[in-house]
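Rule-based calculations on the coordinates, nothing more; no lab input. Please read all numbers here as calculations on a predicted model, not as lab measurements. Quick reminder, even Gly has a Cβ in these numbers, built from the backbone with ideal geometry, and neighbours come from all protein chains shown.
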């Protein structure tokens with residue numbers, strides 16, 4: 001699938017739409033979850049919950065303070081990494 005932001009191919013292990021689909025049972029356009037150097041900023045509002053990723057500080061960007069949501073993102077990301085191998 002192609003990223004709806006940058007138009008480049010999205011590896012299934014770095015696809016925010018798959019992560020959200022697993023959590024919500026809804027379908028989304030593909031988008032990089034983690035930044036792709038010099039190509040796409042990814043999805044900082046989701047990536048901020050993964051270890052080693054910076055907090056999303058964009059003006060007006062969504063900020064979740066729900067620890068359960070962050071935990072769900074991390075657990076689902078682990079599953080995405082395992083299923084995509």
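Here the simple spin-label model places points 7 Å from the Cα toward Cβ, and for residue 75 and residue 29 these points are separated by 3.1 nm. Working note: 222 nm ellipticity from helices only, DSSP H runs with n ≥ 4, each -39,500 (n - 2.57), summed and divided by the residues of the chain, gives -10500 deg cm²/dmol to the nearest 500.
Among 75-82, 28-35, the peptide with the highest mean count of other Cβ atoms within 10 Å heads the list, and the full ranking is 28-35, 75-82.
If a/c stays under 1.5 just call it rounded; otherwise compare a/b with b/c (prolate if a/b is bigger, oblate if not). Do that for segment 1-60, with a ≥ b ≥ c from the square roots of the Cα gyration tensor eigenvalues. Cα axes put segment 1-60 in the oblate bin.
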